[in-house]
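First the structure, in the form of structure tokens, and then the observations on it.
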Amino acid sequence: MKNSLPSRRHLWRPASLLAFNLLLASPLVSAAATRAPAAQITLDRKITVRAESQTIEAVLDKLAQQLNVQFVYSPTLIGADRRVTLQVADKPLTQVLDELLAPRKIQYEVRKNRIILSQTKKSAATVPVSGRVTDSKGEGIPGVTVLVRGTTIGATTDATGKFSLNAPEGSTLVFSSVGYTAQDVPLTGATTGLAISLKESAKDLGEIVVVGYGTQERQSVTGAVASVSGRQIAAQPVSDAAQAIQGRAAGVTVTQN
């Protein structure tokens, strides 16, 4: 009959492929099974490493074998093919990692028996900022609050209206004072010798300000006044109001006994 059983050759092929795949996989399974489970990494453990013009990847392999740990990283991000020379003897692991990774802008994080490597995050460069704040008559305004928008970095003008601080590049300064309209000044171009002119605000002069020793009209207050809204306080994940205003107003320091 023509409707016979399928050829043995066709039946054997899938089975042979499966057996071949199992043979390939078995060394990996065996190695994983016989290797002792890695313990928690101890950064103060002392190690010895000698590497002369070897790739970072090769040095990490040496450390992994010596410590029985696993390094997790992207070869492209950390530049694993870069060559390094490292000669350390009986030094703590944390010192060895700092010596190997820090100069190459690589940071590490320990998670159980793994060390995660990544590129060091670039912090925003700061620039010196200075200038003078004046009124419409060109006279310096003392007590003006100068705050970097979105941060707690700030300063206050002196008796002649001058100020100075360090601010991140490309940030925006907010100038505010009692009786004057607040002004935003983006830091573009030169950041020293800034000349800021504030316009008087007749509306603010009539408001009542509560000070530590009573109440006064804004036009009578000679010091700097900073304010924090109730909405800002409510949004802070803290247990009391004193902590909520900490760092929210330039020149204000909160201490608790």
- Note on the structure: Within the stretch 40-61, the count of residues that are under 16 Å from Y108 (Cβ atoms), of a type outside the set (S, T, N, Q) and either out of contact with any helix residue (DSSP H, G or I) (no Cβ under 7 Å at 6 or more places or on another chain) or in a loop (DSSP other than H, G, I, E, B) (or both) comes to 6
- Filter the stretch 109-135 down to residues that are of a type in the set (S, T, Y) and at pLDDT below 90, then give me how many there are. 3
- Test A15 against the stated conditions and say whether it is outside the structural domain of R111 (by TED's automatic domain parsing), surrounded by 12 or more Cβ atoms within 10 Å (Cβ to Cβ) and at pLDDT below 65. no
- Query: Which of the residues belonging to the stretch 64-93 are among the hydroxyl-bearing types (S, T, Y) and within 23 Å of E52 (Cβ to Cβ)?
  - Reply: Y73, T85
- Query: Given the conditions (1) under 30 Å from D98 (Cα atoms); (2) touching a Gly at 6+ places or on another chain (Cβ under 8 Å), which single one is not true for R114?
  - Reply: (2)
- Provide a single number: the residues in the stretch 109-139 that are closer than 20 Å to T157 by Cα and not β-branched (V, I, T). 9
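The values are calculated or read from the model by the stated rules, or taken from the named source; none is laboratory data. Since we're looking at a predicted model, the values are computed, not measured. Quick reminder, even Gly has a Cβ in these numbers, built from the backbone with ideal geometry, and neighbours come from all protein chains shown.
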